[in-house]
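Here the structure is laid out as structure tokens; the discussion comes afterwards.
The values are calculated or read from the model by the stated rules, or taken from the named source; none is laboratory data. Remember, it's a predicted structure, so these values are computed and weren't measured experimentally. Backbone-built Cβ (ideal geometry, glycine too); neighbour counts: all protein chains shown. These area figures cover heavy atoms from the full protein model, side chains too; ligands, DNA and RNA do not enter into them. Shrake-Rupley method; radii C 1.70, N 1.55, O 1.52, S 1.80 Å.
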Amino acid sequence: MKNKKLYFTCALLMILLGTSDALRGIFSPLFLTEFGLSMSQISIIVSASYLGNLVCLLFGGVILDKVGSKKAMVGFVILLMASELLLLLGAKYAFLLLGFFFSLGLSTLLNTTMIFLSREFSLKNPLFYLNILFFLQGIGTSLSQLVLTKFSSSIAVWNGVIISLAVLLIPIAFILFTSKFSDEKKADSNLNEIKKGRVNKLAIALLALALAFYLIAEHGVTNYIVLYGTQHLALDAGKVGVMLSLFSFGILSGRLILATVSDKIGGAKMVFICLLSASIGYSIVFAFNSLPLLFLCGFAVSIVYPTLTDLSKSFVPSYMSARATTIVVSLASILDIGFNFVFGSVIEAIGYSKSMAILPLALFISTAIMLSLLFVGQRKSS
């Protein structure tokens with residue numbers, strides 16, 4: 001591994017991002033009891049955070065390409081620190097809304113930047129180190145949910161966690177500022193690349209579509225499996241919660257184990273294999289109501305997001321790699337948000353059984369798109 005100082009700083013940052021991302025869900029009881037918010041106001045906060053993702057990704061990719069990853073990351077971390085401090089004023093709804101808009105948007109932008117930086121950590125095994133970072137982000141989310149849920153109505157714990165996150169981001173910004181980034185390019189090399197490089201628009205579009213249908217399938221489980229299990233299958237909520245945790249644990253385990261073979265097999269082939277396996281797993285789960293198999297589904301999809309997104313850099317000149325990465329995630333997120341906006345109505349119209357069958361179908365579509373992308377890559381290289 002190269003640039004160990006930068007990698008371990010990013011590892012700590014990913015744990016903090018995972019913790020920050022979980023705050024909205026963990027402390028929602030506090031918003032109701034102490035801050036006096038309604039459920040509709042909380043849903044607006046959720047929508048605002050998704051919008052923050054899109055805005056930060058669209059502008060952040062351009063900033064990364066224009067000023068370089070070092071300056072951009074330092075700036076993003078400082079802005080994240082400021083947005084965390086905005087949450088301290090959460091008793092006023094507008095500040096809570098703005099705080100989550102920027103904190104979750106910047107968090108998504110920073111973990112997407114990790115994808116852009118994967119070659120900083122290793123030229124031989126970049127996907128391995130990238131997936132370990134996303135594994136650590138999952139650890140941050142899971143541990144914070146496990147520990148902080150017990151204090152979900154405590155304003156003292158809420159304030160303490162926010163202040164702790166903001167304080168820990170200060171040394172991270174400083175270390176990033178003093179670290180070396182090998183992607184700082186000279187102007188003349190940029191000019192040569194602009195002349196030589198071409199953007200494979202078809203490949204970028206296919207990647208965005210494949211990611212969109214994958215996100216629909218993953219978020220379909222995380223957002224609706226509890227309702228599916230309790231209302232459609234009449235299972236105990238605690239039991240369904242265990243099934244959902246199996247899915248999350250499968251993702252964590254897969255990122256740790258499958259990361260070791262991703263670089264050997266190749267990113268595109270690995271994503272195709274994982275999507276095909278997950279498609280079969282999802283089909284069994286919802287055809288036979290075999291919820292314990294969600295662990296294997298989570299394991300199968302574990303490395304799809306970071307690996308698929310990383311592929312976008314292969315189809316553009318390097319001076320546009322950050323922009324391409326964020327555009328792929330942004331376009332996919334738009335389709336994912338649109339799906340979640342109407343999926344509740346679909347469930348009401350045709351019922352849980354038929355509606356949940358859409359999720360394995362989405363994975364099969366994503367798999368087919370990845371297969372076509374493999375052919376595009378072969379045709380390009382031939």
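Assigning unit charges at the beta carbon (Lys, Arg +1; Asp, Glu -1) and nothing else, what dipole magnitude in debye, to the nearest 20, does the chain show about its Cα centre?
Result for the chain is approximately 1260 debye, rounded to the nearest 20.
Pulled fully out, how much extra length does the chain show between residue 4 and residue 226, if you take 0.36 nm times their separation in residues and subtract their Cα-Cα distance?
75.8 nm
Take the alpha-carbon centre of the stretch 87-111, take the same for the stretch 201-263, and report the distance between them in whole Å.
Each part reduced to its Cα centre gives a spacing of 25 Å.
Just to verify a number: what accessible area does residue 5 come out at with the full protein assembly present, 1.4 Å probe, Å² rounded to tens?
100 Å²
Roughly what would the spin-label model give for residue 62 and residue 260, points 7 Å off Cα along C-beta, in nm?
So the two model labels end up 4.4 nm from each other.
With point charges of +1 on the Cβ of Lys and Arg and -1 on the Cβ of Asp and Glu, referenced to the Cα centre of the chain, which listed residue (221, 278, 319) lies farthest in the positive direction of the dipole?
So the residue we want is 319.
How much of residue 327 can a 1.4 Å solvent probe reach, expressed as accessible area in Å² and rounded to 10?
Roughly 70 Å² of residue 327 is accessible to a 1.4 Å probe.
Using a 1.4 Å probe over the heavy atoms of the protein chains, calculate the carbon and sulfur portion of the accessible area of the stretch 226-382 as a whole percent. Spell out each step's value before the answer.
Working: 4820 of 6790 Å².
Accessible surface attributable to carbon and sulfur in the stretch 226-382 totals 71 percent.
Starting from 0.36 nm per residue, how many nanometres of slack lie between residue 82 and residue 42 once their C-alpha separation is accounted for? Mind showing how you got there, number by number?
On the way: separation 40, 0.36 × 40 = 14.40 nm, distance 2.14 nm.
Stretched out fully, the residue 82 to residue 42 stretch lengthens by 12.3 nm.
Name the most mobile residue of 134, 100, 315, meaning the one with the largest mean-square fluctuation, in a Gaussian network model of the chain with Cα contacts below 10 Å.
Evaluated over the chain, the most mobile residue of the options is 315.
In whole percent, and with a 1.4 Å probe on the protein chains, what portion of the accessible area of the stretch 1-113 is carbon and sulfur?
Here it works out to 73 percent.
Counting pairs of alpha carbon atoms under 8 Å apart in space and at least six apart in sequence, what relative contact order in percent does the chain give?
Across the chain, relative contact order equals 25 percent.
Spelling out what I want: for every residue of the stretch 59-75, take phi, set θ = phi - 60°, compute 6.51 cos²θ - 1.76 cosθ + 1.60 (Karplus), and round to whole Hz; glycine and proline get x.
7, x, x, 5, 4, 4, 6, 7, 9, x, 5, 5, 4, 5, 5, 4, x
Excluding ligands, DNA and RNA, what is the solvent-accessible area per residue of the stretch 285-382 at a probe of 1.4 Å, expressed in Å²? Walk me through the numbers before you get to the answer.
Values: 4070 Å² over 98 residues.
Heavy-atom accessible area per residue stands at 42 Å².
Using the Karplus curve 6.51 cos²θ - 1.76 cosθ + 1.60 with θ = phi - 60°, what ³J(HN,Hα) values do you get for each residue of the stretch 44-53, in whole Hz, with x for Gly and Pro?
Calculated HN-Hα couplings, in order: 5, 4, 4, 5, 5, 5, 5, 5, x, 4 Hz.
Residue 367: accessible area at probe 1.4 Å, nearest 10 Å²?
10 Å²
Quick check: pseudo-label points 7 Å beyond the Cα along Cα→Cβ at residue 239 and residue 146, how many nm apart are they?
Between residue 239 and residue 146, the simple spin-label model gives 2.5 nm.
Leaving ligands, DNA and RNA out of it, rank 59, 343, 95 by accessible area with a 1.4 Å probe, largest first. Display every interim value, and only then the final one.
Working: 59 140, 343 0, 95 70 Å².
Final ranking, largest accessible area leading: 59, 95, 343.
Under the Karplus relation 6.51 cos²θ - 1.76 cosθ + 1.60, θ = phi - 60°, what is the ordered set of whole-Hz ³J(HN,Hα) values for the stretch 25-34, x standing for Gly and Pro?
x, 4, 9, 4, x, 5, 4, 6, 7, 8
Probe radius 1.4 Å, ligands and nucleic acids left out: which of 116, 177 has the largest accessible area, and how do the rest follow?
So the residues, ranked largest to smallest area, are 177, 116.
How many angstrom separate the Cα center of the stretch 41-72 from the Cα center of the stretch 277-334?
When both Cα centres are located, 20 Å separates them.
Take every Cα pair under 8 Å in the stretch 1-107 that's 6+ residues apart, average their separations, divide by the length, and report that relative contact order as a whole percent.
37 percent.
Can you give me the distance in nm between label points at residue 174 and residue 154, each placed 7 Å from the Cα along the Cα-to-Cβ direction?
2.9 nm
On a 1.4 Å probe surface of the protein chains, which of 219, 232 comes out largest in accessible area, and what is the full order?
If we order 219, 232 from most to least accessible, we get 232, 219.
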